[in-house]
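Below: the structure, in structure tokens.
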Amino acid sequence: MIQYSLVCDTGHGFESWFPSSDSYDTQVARGLVTCPVCDSAKVSKALMVPSVARTDRDRAPAPVPRADAPVTMVAEPERQMRAMLRAFREHVVANSEHVGARFPEEARKIHYGEAEGRSIYGEASPAEARALIDEGIEVAAIPILPDDRN
């Protein structure tokens, strides 16, 4: 992980962590890194002075991050997308029957008229989902967001 000191075009300074330098470049190019103060996506790296250890005196303690430095974890466009996906998932759960691991079997029964037609959801492996699609049975994956797993 790399911590960058960043600054927006209006001069607000903040810090954020990235898995790599390439990740930072990609996120900035997509407009995913925004200022936590003014929400500006025009963000650049602030001048950083490296800490170089001197041999002629005692080693200085490691710098402690400022407690008041805002950290951007999820940009607003991603927050909005997650909210829409979460609403979609909640709608499916509220308006469908959960059949668990029986999903592939139950979907086939409904498709071939062996069971009452209704909305269902459950679990299927990628191979099972592909087999259902190959049979002409309409299925769709419902994403599980990271917050849903915590």
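The values are calculated or read from the model by the stated rules, or taken from the named source; none is laboratory data. Bear in mind the structure is a predicted one, so any value in this text is a computation, not a measurement. As a convention, Cβ positions derive from the backbone with ideal geometry for all residues, glycine included, and neighbour counts pool all protein chains shown. The area values use the complete protein model at the heavy-atom level, side chains included, leaving out ligands, DNA and RNA. Shrake-Rupley method; radii C 1.70, N 1.55, O 1.52, S 1.80 Å.
Observations on the model:
- The residue that is surrounded by the fewest Cβ atoms within 10 Å (Cβ to Cβ), counting only those in the range 124-138 that are of a type in the set (G, A, S) and in a helix (DSSP H, G or I), is A127.
- Scanning the range 113-133 for residues that are in contact with an Asp or Glu (Cβ under 9 Å, 6 or more places away or on another chain) and hydroxyl-bearing (S, T, Y), we see that the one that is nearest to I144 (Cα to Cα) is Y121.
- Matching residues in the range 29-43 - criterion: being among the aliphatic types (A, V, I, L, M), within 13 Å of P77 (Cα to Cα) and either free of Cβ contacts under 8 Å to residues at least 12 places away in the same chain or open to solvent by 40 Å² or more (accessible area, probe 1.4 Å) (or both): A41
- Inter-residue pairs, beta-carbon under 7 Å, first within 15 Å of Y121 (Cα to Cα) and in the range 77-100, second open to solvent by less than 80 Å² (accessible area, probe 1.4 Å) and in a helix (DSSP H, G or I), 6+ apart: V99/E106
- In the range 105-123, of all residues being open to solvent by less than 50 Å² (accessible area, probe 1.4 Å) and under 14 Å from A140 (Cβ atoms), the one that is farthest from the chain's Cα centre (by Cα) corresponds to A107.
- Matching residues in the range 1-22 - criterion: being open to solvent by 20 Å² or more (accessible area, probe 1.4 Å) and not small (G, A, S): M1, I2, Q3, Y4, V7, D9, T10, H12, E15, W17, P19, D22
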